[in-house]
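Undergrad: Take this structure, written in structure tokens, and hold onto it; I'll ask about it next.
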């Protein structure tokens, strides 16, 4: 699965450019980002190379500043996924990319989860969110979804995995256990200026009254 995700990243990262890419979560250091033309890569809450421990609902990032944010299985592990997405939107610059990897409930793993609800394995205790639900959340935040597909169908991947071709079309499946999504923060259009209001015409009679009033005040 890690190799499948890395292959997808290698296809996505060349379109990420700028100064800073942020990877968040315990798997933040499990993937490489060399194909992204960015200056800095920061890893938060990672198990190995970790730059900082943070609260995912209050990202210590300036607004409109980050070029890309990678969230591998963070919506499932964050108690407030809406807050995490909202913070990611705030931190991304206009045109910045949000890269999501999540578990697909409409898959063999989703079915397996139904029978493992009382298992002590942490994986089966996590919530799985439907792709349509994720799209609704992102659309509500004004993200533009550019990539959305599912990967890793254990029922058909057995013979193909030996080919080491993790980016081929044989790995894509509507019933794949993994959902990969890329969403761009929309660039807000310039605020149109208000039309100039026409000045009211001052009639000569009005000017004369103003002059008389000013003369009376100066005389008094």
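The values are calculated or read from the model by the stated rules, or taken from the named source; none is laboratory data. Given the structure is predicted, the values throughout are model-derived calculations rather than measurements. Cβ coordinates were reconstructed from backbone atoms using ideal geometry, including for glycine residues, and neighbour counts include every protein chain displayed.
Undergrad: Given the structure, is residue 36 modelled with pLDDT under 95, crowded, with 16+ Cβ neighbours inside 10 Å and either assigned to a loop (DSSP other than H, G, I, E, B) or in contact with a helix residue (DSSP H, G or I) (Cβ under 8 Å, 6 or more places away or on another chain) (or both)?
TA: The answer is yes for residue 36.
Undergrad: Report yes if some residue within region 49-58 is within 16 Å of the chain's Cα centre (by Cα) and within 16 Å of residue 98 (Cα to Cα); otherwise report no.
TA: Yes, that holds for at least one residue.
Undergrad: Do the conditions hold for residue 22, that is, is it farther than 17 Å from residue 101 by Cβ and part of a strand (DSSP E or B)?
TA: no
Undergrad: Going residue by residue through region 47-66, is there one that turns out to be surrounded by 19 or more Cβ atoms within 10 Å (Cβ to Cβ) and outside any loop (DSSP other than H, G, I, E, B)?
TA: Yes: region 47-66 contains one or more residues that are surrounded by 19 or more Cβ atoms within 10 Å (Cβ to Cβ) and outside any loop (DSSP other than H, G, I, E, B).
Undergrad: Going by the conditions given, is residue 156 closer than 16 Å to residue 176 by Cα and at pLDDT 75 or above?
TA: no
Undergrad: Considering only region 12-29, I want to know if a residue exists there that is more than 22 Å from residue 122 (Cα to Cα), in contact with a strand residue (DSSP E or B) (Cβ under 9 Å, 6 or more places away or on another chain) and at pLDDT below 90.
TA: There is at least one residue in region 12-29 that is more than 22 Å from residue 122 (Cα to Cα), in contact with a strand residue (DSSP E or B) (Cβ under 9 Å, 6 or more places away or on another chain) and at pLDDT below 90.
Undergrad: Hey, another quick one. Are any residues in region 78-118 within 11 Å of the chain's Cα centre (by Cα), assigned to a helix (DSSP H, G or I) and closer than 23 Å to residue 6 by Cβ, and if so, which ones?
TA: Once the filter is applied, which keeps residues that are within 11 Å of the chain's Cα centre (by Cα), assigned to a helix (DSSP H, G or I) and closer than 23 Å to residue 6 by Cβ, region 78-118 yields 84, 88.
Undergrad: Can you find a residue that is farther than 30 Å from residue 66 by Cα and at pLDDT below 70 anywhere in region 118-137?
TA: So far as region 118-137 goes, yes, one or more of its residues are farther than 30 Å from residue 66 by Cα and at pLDDT below 70.
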